[in-house]
1. Take I300 and decide whether it is part of a loop (DSSP other than H, G, I, E, B) and closer than 17 Å to V244 by Cα.
2. Which one of the conditions (1) more than 23 Å from the chain's Cα centre (by Cα); (2) over 24 Å from F139 (Cβ atoms); (3) polar (S, T, N, Q) does T288 fail to meet, given that it meets all the rest?
3. Which of the helices (runs of 4 or more DSSP H) found entirely inside region 37-122 contain at least 3 residues meeting this: crowded, with 18+ Cβ neighbours inside 10 Å and among the small types (G, A, S)?
4. Of the residues in region 101-151, how many are of a type in the set (A, V, I, L, M, F, W, C) and touching a residue at least 40 places away in the same chain (Cβ under 8 Å)?
5. Please enumerate the residues belonging to region 274-299 that are at pLDDT 95 or above and in contact with a strand residue (DSSP E or B) (Cβ under 6 Å, 6 or more places away or on another chain).
6. Go through region 216-230 and give me each residue that's surrounded by fewer than 13 Cβ atoms within 10 Å (Cβ to Cβ) and of a type outside the set (D, E, K, R).
7. Which of the following residues is under 24 Å from R136 (Cβ atoms), surrounded by 22 or more Cβ atoms within 10 Å (Cβ to Cβ) and assigned by TED's automatic domain parsing to the domain that holds L229: G307, G260?
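The values are calculated or read from the model by the stated rules, or taken from the named source; none is laboratory data. Keep in mind the model is a prediction, meaning the values are calculated, not measured. Cβ coordinates were reconstructed from backbone atoms using ideal geometry, including for glycine residues, and neighbour counts include every protein chain displayed.
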Amino acid sequence: MKEMRITVIVGQTGTTVPPVTPEAVSFARELETHTGGFVQAIVLGNDVVGFAHHLAETTGVDVTGIESTRLALYNGEVYRDTLIKFLETDGPAVICLPHMAFGFDLAPRLAVALHASCVTAAEAIRFSNGRVGFVRSMFNGKLKAEVTTLREKVVVTLMPGAWSRPARRPGSRKQSVRIVKPDVFPSASQTVGIRESDKDMLNFDDADVIVAAGRGIGNPLNIRLLKDLAAIFSKSGIGASRAVCDLGWLSYRHQIGITGQTVSPRLYIACGISGAMQHLAGMKESRTIVAINNDPHAAIFQVADYGIVENLETFIPILLSEFKRQ
């Protein structure tokens with residue numbers, strides 16, 4: 001039986017290693033430990049030499065850098081056609097990418113081209129009877145599904161925050177770095193530019209306490225209750241799930257999660273937040289988590305240190321009254 005090839009795909013963003021890349025390496029090493037094989041990383045971009053060496057040094061894996069001016073800006077068709085030449089190998093293979101814009105656009109393209117299975121938003125791996133299962137959330141985190149694949153090759157996207165960053169292996173050999181400059185041909189579409197969204201975000205770094213609103217608060221008027229609760233603490237801030245921001249109840253500068261900010265306050269009070277992995281990835285490192293939700297089956301209770309099953313319109317006024325009395 002051929003060794004399993006486990007490949008971490010990295011899109012170059014500036015000169016630093018994206019934070020989710022070490023997490024993907026942790027996933028790959030966990031898979032390697034149970035299945036054998038070997039781990040490698042592929043980074044695509046325009047001037048990738050320094051980036052590739054930095055990636056090898058910080059993650060401890062062999063790196064192949066694919067370099068071309070046509071890879072300077074992400075284009076799904078161009079990246080797919082370029083990667084296929086390096087991924088079309090016989091035997092079992094797992095190709096992993098972060099479950100972010102780059103990853104969940106490219107993953108299905110690669111899966112179709114390689115005739116591989118595709119699993120998205122994986123949060124954990126389970127091994128049973130020689131088979132590998134990928135665990136992902138369903139229904140806003142209320143259920144967990146274990147997905148097994150029927151093909152030797154699988155492309156999987158990984159939820160940010162689901163794996164910790166790996167420690168450098170002591171005494172490990174020097175990692176190899178290979179830079180290749182293949183012919184990269186234009187596709188039917190062209191990326192003319194990439195513009196980041198305005199980063200008008202709150203500075204949560206100084207907040208000891210964050211009170212966060214989810215869609216479960218039921219009414220934008222209830223944000224006033226959350227602000228009254230936050231006002232009790234001298235260093236506090238108001239956060240929000242993406243659903244609240246999408247509804248326009250709070251601006252995106254308040255958003256916490258994969259596409260928002262990552263926070264780790266001393267106290268995180270989640271109000272009406274279901275606990276979807278997209279949000280948990282941005283706040284699960286909080287020292288103490290208190291969840292207020294009228295749904296006793298909400299996934300947020302799985303990570304909360306303290307849970308209150310109650311309507312927040314009833315509970316928060318009582319809590320505020322008790323604080324004033326004290």
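1. The answer is no for I300.
2. Result: T288 passes all but (1).
3. Result: 101-114.
4. 12
5. Within region 274-299, T288, I289, V290, A291, I292 qualify.
6. N219, L221
7. Exactly one of G307, G260 is under 24 Å from R136 (Cβ atoms), surrounded by 22 or more Cβ atoms within 10 Å (Cβ to Cβ) and assigned by TED's automatic domain parsing to the domain that holds L229, namely G260.
Every residue, every condition in (1) closer than 23 Å to V132 by Cα; (2) at pLDDT below 90, yes or no:
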| residue | (1), (2) |
| --- | --- |
| F27 | yes, no |
| E30 | yes, no |
| T33 | yes, yes |
| Q40 | yes, no |
| V49 | no, no |
| L55 | no, yes |
